[in-house]
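First up is the structure itself, then whatever we jot down about it.
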Amino acid sequence: MIVGVPTASGNETRVAVVPSVAEDLVEDGHEVLIEAGAGETAGFADEDYDDAGCDVLDDRDAVFDGADVILEVEALGAIEGSDPGGYRENQTVIGLLGPYDVSDEVLETLAERQVSAFALELIPRISRAQSMDALSSMANLAGYKATVLAASELDKLVPMQMTAAGTVQPADVFVIGAGVAGLQAITTGDRLGASVRAYDIRPEAAEEIESVGADFVELDVHAEDAADEEGHAQEMDEAFYRKQRAQLGEEVAEADVVITTAAVPGGPAPRLVTEDAVAAMDHGSVVVDLAADGGGNCDVTQPDERVEYEGVTVFGPTDLPSTLPRTASELYANNLRNLFELLVEEGDLAIDIDDEIVDATLLTHDGTVRAPHEDETEAGTNDESSAEQGDDENGDDTNAETQDAPTDGGNDV
């Protein structure tokens, strides 16, 4: 089978397949076509792919025309103005396809061309699929980088120090949301020596929060249905959020750093941190809003902007994993390979729609628009949370999640 890897679009720095994974694919008997320069921004030269046994092509169209399977970083609904015209008939595409933002027209076009499109954002949260969970992989990186970003911008030292000139108290870090991104933010803050507190809408998250080094903040607001059957945080009503914001404001005001990760797959992020709460923070404090792609958890947040508000710096990054392109590409490539291997039998594609993972991620197949995420949304089972992540790979699974196995492993980056 022929696998194609084009250069990612726009300012994306990641590459879908790194040389080590490409070499594995070649050893398995597949031919791998790499667009020249595809790995440069992630630190991988064309020579690295050539050494791995790939065919490096200068012509982008030749990659699309020659491949049976296209492995993408982001495509379709994940990229504004994306054109599905590059995919030929009977091709398979796998990647972060932005299922909640892809238009019906694009899906119909893919179906007419008999394209099988797999959206990694829809990987189910089951143990068997953990190695394929790209949102978790990316969210893990986002949680780490959010804490490092905040520490570098904070106007005070993070760890406690006892010096001849006096004792320096540790910075207070408050993390909202204990999904993959939130737990990694907590872990990183604890390693840096901060005093870390965290809150999650799910009471059962207290044990996870405490296990990675933070004190669990319990608010006097409760929700019986805080998470769906896969562990994603679900959208609550405005009365709940109003009461939650009021109590969170008191916790935010005491923090030097606030990192928010509460996302809702396919929907707007809940507003949890008010302007008044930000204004009540000490001068020089920092907020990093990992839900910025969904509108943000903080009233002050502007996507991909640095905002100074009442002496507090508020960041709204939407693609922190791409600031760690080498590691992000390595993890993402492993996620892709693991899903690809599920779809291959004796060297050929064998798409089994009865498989739970295939059924959940397959947007179009055999001339039909399947869009499984739309069925879930209509049924109210989806609210990206990712945490985790909306399609929140920034934490983008910044959505809160629970898996059958620990969430600190090879996913959730």
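Being closer than 19 Å to LEU362 by Cβ and surrounded by 15 or more Cβ atoms within 10 Å (Cβ to Cβ) holds for only one residue in LEU57, LEU71, and it is LEU71. Here region 86-125 is the region considered, the condition is being of a type in the set (Phe, Trp, Tyr) and within 21 Å of ASP348 (Cβ to Cβ), and the residue that is surrounded by the fewest Cβ atoms within 10 Å (Cβ to Cβ) is TYR87.
If only residues of region 131-175 that are in contact with a helix residue (DSSP H, G or I) (Cβ under 6 Å, 6 or more places away or on another chain) and small (Gly, Ala, Ser) are counted, the one that is nearest to VAL257 (Cα to Cα) is ALA146. May I ask you to list the residues in region 126-145 that are surrounded by fewer than 24 Cβ atoms within 10 Å (Cβ to Cβ) and either among the aromatic types (Phe, Trp, Tyr) or closer than 14 Å to ARG14 by Cβ (or both)? Of everything in region 126-145, just one residue is surrounded by fewer than 24 Cβ atoms within 10 Å (Cβ to Cβ) and either among the aromatic types (Phe, Trp, Tyr) or closer than 14 Å to ARG14 by Cβ (or both), namely TYR144. Filtered by the rule that a residue be hydrophobic (A, V, I, L, M, F, W, C) and assigned to a helix (DSSP H, G or I), region 148-207 gives VAL148, LEU149, ALA150, ALA151, VAL180, ALA181, LEU183, ALA185, ILE186, ALA205, ALA206. Only a single criterion out of (1) surrounded by fewer than 24 Cβ atoms within 10 Å (Cβ to Cβ); (2) modelled with pLDDT of 95 or more; (3) of a type in the set (S, T, N, Q) is not satisfied by GLN184, namely (1). Looking for something part of a strand (DSSP E or B), at pLDDT 95 or above and under 23 Å from the mean Cα position of the chain (by Cα) - is there at least one such residue anywhere in region 40-61? No - not one qualifying residue is present in region 40-61. Taking region 125-134 as the range and being out of contact with any Gly (no Cβ under 9 Å at 6 or more places or on another chain) and part of a helix (DSSP H, G or I) as the test, the residues that pass are SER127, ARG128, ALA129, MET132.
Residues in region 305-343 that are surrounded by fewer than 17 Cβ atoms within 10 Å (Cβ to Cβ) and among the β-branched types (Val, Ile, Thr): VAL307, THR323. For region 267-295, what are the residues that are closer than 18 Å to VAL180 by Cα and either polar (S, T, N, Q) or in a loop (DSSP other than H, G, I, E, B) (or both)? Within region 267-295, ALA269, PRO270, LEU290, ALA291 qualify.
The values are calculated or read from the model by the stated rules, or taken from the named source; none is laboratory data. Predicted model, so just to flag it, every value in this text is computed and none were measured. Cβ sites come from the backbone with ideal geometry, for glycine too, and all protein chains shown count toward neighbours.
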